[in-house]
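One structure is given below, encoded as structure tokens.
The values are calculated or read from the model by the stated rules, or taken from the named source; none is laboratory data. What you are looking at is a predicted structure, and each value in this text was computed from that prediction instead of being measured. Positions of Cβ are generated from backbone atoms using ideal geometry, with glycine treated the same way; all protein chains shown enter the neighbour counts.
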Ligand code: MG
């Protein structure tokens, strides 16, 4: 059976319902989603000077702290103490990379406004280069709620619309915690964000489903623990000023229930279970890593598989087991999945290239 490419395919039927579901229940970019209430900020954004422990990424004097996508100098324009997205110059990325941060950014949409919807004052602040807090001129400018100013793009609309008119300086104050993975790549804590726009809470410790994207919802993929802060060139000359960041100490990982204690089973016996098993639309792939067995789960996630005996295996962080039934030669003929009062069988999927 093929072991190199390990994916789960929740294709249809018994386990999964319909396609295009998202954790929110709304389709990404759904125009039918309720619009956040408009809240007028109490004051125009005041420029908040960086605290003494902040890393200043832009103080009005130049873009030396930034690069373009090729690692070369950022091609944005510095004018009147602001750095301005030069349409076509591409995203800019902080040269220094960060994990958990407090980030302060001030921005202003072009005035007079041009275009409508996503074409009006579009930019974005990306944490670790992957998680976008949307920048858009959302002052009397309708668009899909998960893409308006202050949205965790494509995932969470802002709690309220606290936008100021185009041309006015606005502030974002962001608290971001990076996603955390264990040593074999199991997601143990999603990325989280809290954000204020012009002093008004717009995101309250939301958990990202994965990196933000246009049109698609992608699962987490294990990556570096730090990444750049990026600003988006979306073809609109959005201006930025007074950008500073404070690195935060990492929050301790959540304490998980102790995993089951494994039995000592010879590796050759354990290897018998490796492979792909299916029951209707549910496909499980069991593979071997340097630290033991693992089983795929939906959305590209994994759990360790702990041997309790030569034929019984426990999931590391779900109260579920797999029991293999083997033929006299030791080849599995089926796997039985048990969790609570649920039990069903999966049968091996033969690899036509090897016949096993
Ligand atoms: Mg954007």
Exercise. Determine whether region 261-279 contains at least one residue that is surrounded by 13 or more Cβ atoms within 10 Å (Cβ to Cβ), modelled with pLDDT of 80 or more, in contact with a helix residue (DSSP H, G or I) (Cβ under 9 Å, 6 or more places away or on another chain) and not in a strand (DSSP E or B).
Key: no
Quiz item: Only one of (1) under 17 Å from residue 129 (Cβ atoms); (2) not in a strand (DSSP E or B) fails for residue 245. Which number is that?
Solution: (2)
Self-check item: Meets criteria (in contact with a strand residue (DSSP E or B) (Cβ under 9 Å, 6 or more places away or on another chain) and in contact (Cβ under 8 Å) with a residue 24 or more places away in the chain) for residue 167
Solution: yes
Quiz item: Checking residue 118 against (1) in a strand (DSSP E or B); (2) within 15 Å of the ligand (Cβ to nearest atom), which single condition isn't satisfied?
Solution: (1)
Self-check item: Number of the exception - residue 309 against (1) under 30 Å from residue 100 (Cα atoms); (2) assigned to a loop (DSSP other than H, G, I, E, B); (3) touching a residue at least 40 places away in the same chain (Cβ under 8 Å)
Solution: (1)
Practice problem: Output the number of residues of region 119-149 satisfying the condition of being in contact (Cβ under 8 Å) with a residue 60 or more places away in the chain and within 22 Å of the chain's Cα centre (by Cα). | Solution: 18
Exercise. Answer yes or no as to whether residue 103 is in a strand (DSSP E or B), in contact (Cβ under 8 Å) with a residue 60 or more places away in the chain and more than 15 Å from the ligand (Cβ to nearest atom).
Key: yes
Quiz prompt | Residue that is modelled with the lowest pLDDT [pool: residues in region 15-30 that are out of contact with any helix residue (DSSP H, G or I) (no Cβ under 9 Å at 6 or more places or on another chain) and surrounded by 11 or more Cβ atoms within 10 Å (Cβ to Cβ)] | solution = 21
Quiz item: Being more than 30 Å from residue 79 (Cβ to Cβ), free of Cβ contacts under 8 Å to residues at least 60 places away in the same chain and not assigned by TED's automatic domain parsing to the domain that holds residue 76, is that true of even one residue in region 241-257?
Solution: yes
Quiz item: So which of 33, 95, 49 ends up being in contact with a helix residue (DSSP H, G or I) (Cβ under 6 Å, 6 or more places away or on another chain), over 30 Å from residue 333 (Cβ atoms) and modelled with pLDDT of 90 or more?
Solution: 33
Practice problem: Please indicate, with yes or no, whether at least one residue in region 239-246 is surrounded by 14 or more Cβ atoms within 10 Å (Cβ to Cβ) and within 16 Å of the ligand (Cβ to nearest atom). | Solution: yes
Quiz prompt | residue 318 being exposed (fewer than 13 other Cβ atoms within 10 Å of the Cβ) and within 30 Å of residue 179 (Cβ to Cβ) | solution = yes
Quiz item: Within region 50-65, how many residues turn out to be touching a residue at least 40 places away in the same chain (Cβ under 8 Å) and surrounded by 12 or more Cβ atoms within 10 Å (Cβ to Cβ)?
Solution: 8
